[in-house]
Amino acid sequence: MTLISKKCTASYKSSNSCLQKQSRCVIASNSLVVIILSSLLPVSVFPKSSASVIGSSTCNTNLSVQIAKLVDTPKQFPALVKQSNLLLGYWVKNLSEANLSGFQTLLASALPLNTVAIEKPLSLYTQVWKQAVSPLINFDFNFNNPVQKTETTIDKVSLILISGGKPITIHADSRYQVPEILARSGTNAVAAVDGTFFSLKYLNSNVIIGPVLSQVNNQFIPGNNGENKKLAGRPLVLISPRTASFIPFDPAKHNTLAGVQEEMPDVTDAFVAGAFLVRKGQPSPASIFEGLYGADVARHRAFWGISQEGVPVIGVSTKPVDSVNLGIILAKAGLQEAVMLDSGASTSLAMEGRSLVGYIPRPVPHVVALVPPLTSATNCTLASR
């Protein structure tokens, strides 16, 4: 089978140029199917004899890296197509046995298994596949990066940022320091920032202002109706295994689990944050913070959001800053979306069992945490099993 015209070279630019100029440069759709599905399907679908065929697709947790490698090195196509013929046979045969009807439907309709010819650059062809699998994986988010800490100063305000991993929330049974919440959570989260606002009526209370859902206890707790009215328009944070969303809170709709699931059917975590700091890469104007107590006062601030690369970011300011300027700073830091968390005396950040702030913050009952992704070594171990 001829995949690339003999005049096409291995370099990306040369291949792109060749694909544009040649009347027909043929590539195999199976190749991209292999990369996409081997990143999505459980290892149990594959027989032991296919371990060597799966190769780096199973051991690499970052799908975008796999696609980039394929795009950059078209000379790998012949080997990938040969592998795909075997693997696709296993997939089609075993999907029903693995009770993965969604993937079987996808293979039958959205992902053609035949060889196709195109006259467009390969980069456009990969976009077609991104659209085909978008119901299964969101390419706008990347929850597969390692968790890492960064300290920086922007506009004379110092920040501690922790990025990477998968975001979750933890709603504790009482109030604790953030490192203790992580230790008691039963999760493998390695970092966390104090979360949303809570009732100060009782010192040992874990009552949250507004509705809250945490995957750790898998319990949706509605907010107080009187308080909910005051929260209208504030950010409702929704988290699923593959996405995060920040939308205006509607007290009439979002105070039930069913209402939240209408916005995100696979939601695992939800809460109402203090204010939008950054939206679509732009800092929020002062009008956004009207009615938010202390928004114009310089304080230590806690926040979390998503970077322009789709990576989760939690953090704090280690110098006092007002809300408007914090939004400006976070936009400069590269955040695409960011919301204010409980700040002032509650501002706290922890990683690997220790606090990263230079004071003893007020104990809190709620945190946004980061769970590290499976390592390549772990994935390879699973594949061998």
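Each row is one residue, and each column tells you yes or no for (1) in contact with a Gly (Cβ under 9 Å, 6 or more places away or on another chain); (2) among the charged types (D, E, K, R); (3) modelled with pLDDT of 95 or more.
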site	(1), (2), (3)
A258	no, no, yes
M264	no, no, yes
T268	no, no, yes
A286	no, no, no
W304	yes, no, yes
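Pull out all pairs, ordered by first then second residue, where Cβ-Cβ is under 6 Å, the residues are six or more apart or on different chains, the first lies in the range 214-228 and is under 17 Å from S185 (Cβ atoms), and the second is of a type in the set (D, E, K, R) and crowded, with 16+ Cβ neighbours inside 10 Å.
Taking only residues 6 or more apart or on different chains, the pairs are S214/D269; Q215/D269.
Scanning the range 236-251 for residues that are in contact (Cβ under 8 Å) with a residue 40 or more places away in the chain and within 19 Å of A338 (Cβ to Cβ), which turns out surrounded by the most Cβ atoms within 10 Å (Cβ to Cβ)?
V237
Can you tell which of V272, V297, V278 is surrounded by fewer than 20 Cβ atoms within 10 Å (Cβ to Cβ) and closer than 26 Å to S348 by Cβ?
V297
As an exercise: evaluate L182 against (1) buried (at least 18 other Cβ atoms within 10 Å of the Cβ); (2) touching a helix residue (DSSP H, G or I) at 6+ places or on another chain (Cβ under 7 Å); (3) within 23 Å of H300 (Cα to Cα) and give the number of the one condition it does not meet.
Result: L182 passes all but (2).
Any idea which of (1) over 26 Å from V371 (Cα atoms); (2) surrounded by 22 or more Cβ atoms within 10 Å (Cβ to Cβ) is the one N204 doesn't satisfy?
Single failed check for N204: (2).
Looking only at the range 352-369, filter to residues that are under 16 Å from P167 (Cβ atoms) and touching a Pro at 6+ places or on another chain (Cβ under 9 Å); which one of those is surrounded by the most Cβ atoms within 10 Å (Cβ to Cβ)?
Residue satisfying both the conditions and the ranking: A369.
Do any residues in the range 340-356 that are in the same structural domain as A191 (by TED's automatic domain parsing) have Cβ atoms under 6 Å from those of residues that are among the aromatic types (F, W, Y) and in a strand (DSSP E or B), where the two are at least six apart or on different chains, and which pairs are they?
Correct list of pairs: M340/F303; L341/F303.
Which strands (runs of 3 or more DSSP E) sit wholly inside the range 134-202 and have at least 3 residues that are of a type in the set (D, E, K, R)?
166-176
I'd like to check something: does the range 331-339 contain any residue that is over 22 Å from the mean Cα position of the chain (by Cα), polar (S, T, N, Q), surrounded by 15 or more Cβ atoms within 10 Å (Cβ to Cβ) and modelled with pLDDT of 95 or more?
Looking for residues that are over 22 Å from the mean Cα position of the chain (by Cα), polar (S, T, N, Q), surrounded by 15 or more Cβ atoms within 10 Å (Cβ to Cβ) and modelled with pLDDT of 95 or more, one finds none in the range 331-339, hence no.
The values are calculated or read from the model by the stated rules, or taken from the named source; none is laboratory data. Everything quoted here is computed from the prediction, not taken from an experiment. Reconstructed Cβ throughout: ideal geometry from the backbone, glycine too, with neighbour counts over all protein chains shown.
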